[in-house]
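The values are calculated or read from the model by the stated rules, or taken from the named source; none is laboratory data. None of these values were measured; they are calculated from a predicted model. Glycine gets a Cβ as well: all are built from the backbone with ideal geometry, and neighbour counts include every protein chain shown.
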Amino acid sequence: MFPAIALGLIFAAAALPAVAQDKKDSDANKSDGDSIGFIASKNASAKEVGLPLYPGSRRHKDDSDDSAAVQLGAWGGSSGFKIAVLKMESDGAPEKVTAFYRKALSKYGKVLNCSDSATTVEKDKSSNGLDCDSDHPEKGETVLKSGTKEMQHIASVKTNGNGSVYDLVYVEAKGLGNDK
């Protein structure tokens, strides 16, 4: 479904207790070269993911121990990463939810459909362009992504009874050598 590293980060974050970021130290997020920080939280919103919620959606939990939202990040100077994940469900058909997110993702650039393994998705020609090389969707799952390697937005949609379950993911990785 998502790149293996993203899944590892999601599971690691789910196991961590929620850590509140010090609001008065919010300037530490600025890349001034000498700031460092860390965030781990079982809360994420549409704002952190950078995508709207499908109308009428609600948070989805697979079981009582699951968190339907996760944020994890670490930074130091001009390098760092952030991942925000929301797991949602809707009574909307997967086709409608997918169309909604195809449009929403388009504000970040070309939208790639990483679901059809028979179709090779052409990589953006720039060194920072996205590709679907590390995506392995489940059968019946649609995975859309847009942005750059440094700032990816991903929507994954699959059938859930008469409705849909979908994941929204934002991955930011700066200065970590991910342009290779």
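Report, by residue number, each residue of segment 48-72 that is free of Cβ contacts under 8 Å to residues at least 60 places away in the same chain and in a strand (DSSP E or B). Selection gives ARG58, ARG59, ALA69, GLN71.
Of the residues that make up segment 133-144, is at least one more than 23 Å from PRO52 (Cβ to Cβ), out of contact with any Leu (no Cβ under 8 Å at 6 or more places or on another chain), of a type in the set (Ser, Thr, Tyr) and modelled with pLDDT under 95?
Let us first name the residues in segment 133-144 that are more than 23 Å from PRO52 (Cβ to Cβ), namely 133-134, 136, 138-140.
Those still in the list that are out of contact with any Leu (no Cβ under 8 Å at 6 or more places or on another chain) too: 133-134, 136, 138-140.
With the extra rule that they be of a type in the set (Ser, Thr, Tyr), the set shrinks to 134.
Filter again for modelled with pLDDT under 95, leaving 134.
There is at least one residue in segment 133-144 that is more than 23 Å from PRO52 (Cβ to Cβ), out of contact with any Leu (no Cβ under 8 Å at 6 or more places or on another chain), of a type in the set (Ser, Thr, Tyr) and modelled with pLDDT under 95.
For segment 117-125, does any single residue satisfy the condition of being of a type in the set (Asp, Glu), at pLDDT 90 or above and farther than 30 Å from PHE38 by Cα? No, because not a single residue in segment 117-125 is of a type in the set (Asp, Glu), at pLDDT 90 or above and farther than 30 Å from PHE38 by Cα. The residue pairs whose first member lies in segment 150-169 and is at positive phi, whose second member is of a type in the set (S, T, N, Q) and at pLDDT 95 or above, and whose beta carbons are closer than 9 Å, counting only pairs six or more residues apart or on different chains, do not exist in this structure. So for segment 17-37 (the condition being at pLDDT 80 or above, surrounded by 13 or more Cβ atoms within 10 Å (Cβ to Cβ) and either among the aliphatic types (A, V, I, L, M) or in a strand (DSSP E or B) (or both)), does at least one residue qualify? There is at least one residue in segment 17-37 that is at pLDDT 80 or above, surrounded by 13 or more Cβ atoms within 10 Å (Cβ to Cβ) and either among the aliphatic types (A, V, I, L, M) or in a strand (DSSP E or B) (or both). Only a single item in (1) surrounded by fewer than 19 Cβ atoms within 10 Å (Cβ to Cβ); (2) modelled with pLDDT of 95 or more is not met by LEU176, and it is number (2).
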